[in-house]
Amino acid sequence: MFWGKAFLRISAALEKSWRRVCETTKQRLLCCILLMSLTYVIYMRSLICSPKVPSTTSWGAPIVWEGTFDHEEENRFHQDHGTVVGLSVFAVGKYLETYLEDFLVSANRYFMPSLPCIVYILTDNPKDVPTIHVRPAMSITILQVPLRHRWQDISMMRMMDLQDIVLPLARGQVDYLFCMDVDQIFSSNYGPETLDDLVAQLHSGYYLQSREELPYETNSLSAAFIPPTMGIFYYHAAVFGGSLARLTNLTSSCLNGILKDKKSGVEAIWHDESHLNRYLALEYLPSKVLSPEYCWDNRLWLRYHKLRWAKKSYEKTRV
């Protein structure tokens with residue numbers, strides 16, 4: 001009986017000690033995981049908030065980050081010169097009802113707030129464009145484009161619409177023009193610091209990647225092909241802009257490449273974006289590059305952001 005009770009007491013003590021060890025081990029493991037996670041977050045934030053990308057490209061073009069320019073000086077310069085800025089946006093099919101109103105409301109508040117602006121809305125359904133009351137120095141022009149059924153063609157053939165519809169009209173109205181996707185929302189002042197002869201937008205999904213990881217067109221049969229030894233940055237087709245003369249050259253080159261591919265039965269991996277990247281890598285280097293602050297994808301930890309991606313609804317819009 002004595003040994004039986006002693007055995008039970010020893011067993012209970014051992015079980016209690018084992019539970020304590022296990023609890024301590026779990027706590028240590030949990031603390032270790034939390035510490036590693038915190039270290040990773042701090043490391044990633046340091047990459048983004050203190051970016052690897054410098055404030056100037058190797059060919060001397062500025063890369064615009066908040067803090068690299070003087071807001072008042074930029075505003076004063078363009079106000080003194082009477083600069084007028086255009087903003088073209090494509091809102092076709094389901095994209096119109098899904099995104100256009102939010103885009104316009106935010107543009108009215110944040111896009112070039114100190115300068116006169118004209119917004120060119122390109123749509124296949126003008127009667128469904130929402131009525132937005134805009135500030136006195138902003139006006140809206142609605143332009144009809146052909147109905148296209150494949151979303152790939154909607155994306156690629158906007159180069160034709162810009163060349164044939166927007167640029168001839170804008171030539172007598174604005175000094176600079178930005179071309180943007182509609183599934184975005186302005187989130188703070190997107191000002192004249194972005195204006196230049198040819199402006200390209202760093203793609204936030206790839207700007208920290210090596211050259212080998214950039215999704216350039218690798219099919220040599222495509223007019224968008226970029227040789228492995230060429231290219232430095234990968235640019236996002238959701239935002240590009242510049243002077244009307246430079247945009248005329250850009251859209252003409254990209255459109256010629258797209259039509260050549262269609263004739264050959266080839267389609268670039270990222271459609272008009274692939275052709276845009278070829279132009280900016282091989283034909284004409286951008287005179288100004290915008291940091292991911294100007295086209296934020298909601299996954300990056302950025303201290304500032306001027307324009308952010310709207311929530312994507314591809315199952316609804318790409319039909």
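Full extension of the segment from Arg135 to Gln173, taken as 0.36 nm per residue of separation minus the current Cα-Cα distance, would add 11.9 nm. Return, ordered by residue number, the residues of the range 63-95 whose backbone nitrogen is under 18 Å from a label point located 7 Å along Cα→Cβ of Asp128. Counting backbone N atoms under 18 Å from the label point, the list is 89-95. Ordering Thr251, Leu302, Val289 by the projection of their Cα atoms onto the charge dipole of the range 213-319, which places +1 on the Cβ of Lys and Arg and -1 on the Cβ of Asp and Glu, puts Leu302 at the extreme positive end. Each semi-axis of the equivalent ellipsoid for the range 97-138 is √(5λ) with λ an eigenvalue of the Cα gyration tensor; in descending order they amount to 20, 11, 9 Å. Is the range 259-299 rounded, prolate or oblate when judged by the Cα gyration tensor, a ≥ b ≥ c being the square roots of its eigenvalues, rounded requiring a/c under 1.5 and prolate requiring a/b larger than b/c? Here the range 259-299 falls in the oblate category.
Largest first, the extents of the alpha carbon coordinates of the range 79-235 on the three principal axes equal 49, 40, 29 Å. If r is the Cβ-Cβ distance from Thr248 to Trp301 and R0 is 35 Å, what FRET efficiency results, to the nearest 0.05? The value I calculate is 0.40. Across the protein chains, with a 1.4 Å probe defining accessible surface, the residues Asp164, Asp124, Asp261 rank Asp164, Asp124, Asp261 from largest area downward.
State in Å² the accessible area per residue of the range 98-141; use a 1.4 Å probe, count heavy atoms of protein chains only, and round to the nearest integer. Please list the in-between numbers first.
Values: 1930 Å² over 44 residues.
About 44 Å² of surface per residue is accessible.
Here the convex hull built on the C-alpha positions of the range 180-319 has a volume of 121 cubic angstrom per residue. Any idea what the relative contact order of the range 105-218 is, in percent, if you count C-alpha pairs under 8 Å spaced at least 6 apart? It comes to 35 percent, rounded to a whole number. Annotation: per residue accessible area for the range 231-319 equals 43 Å², rounded to a whole number [probe 1.4 Å, protein chains only]. Taking Val105, Val266 and ordering them by how much accessible surface each has at a 1.4 Å probe, largest first, produces Val105, Val266.
The values are calculated or read from the model by the stated rules, or taken from the named source; none is laboratory data. Because the structure is a prediction, the values reported are computed rather than measured. Quick reminder, even Gly has a Cβ in these numbers, built from the backbone with ideal geometry, and neighbours come from all protein chains shown. With ligands, DNA and RNA removed, areas are computed over all heavy atoms of the protein, side chains included. Shrake-Rupley method; radii C 1.70, N 1.55, O 1.52, S 1.80 Å.
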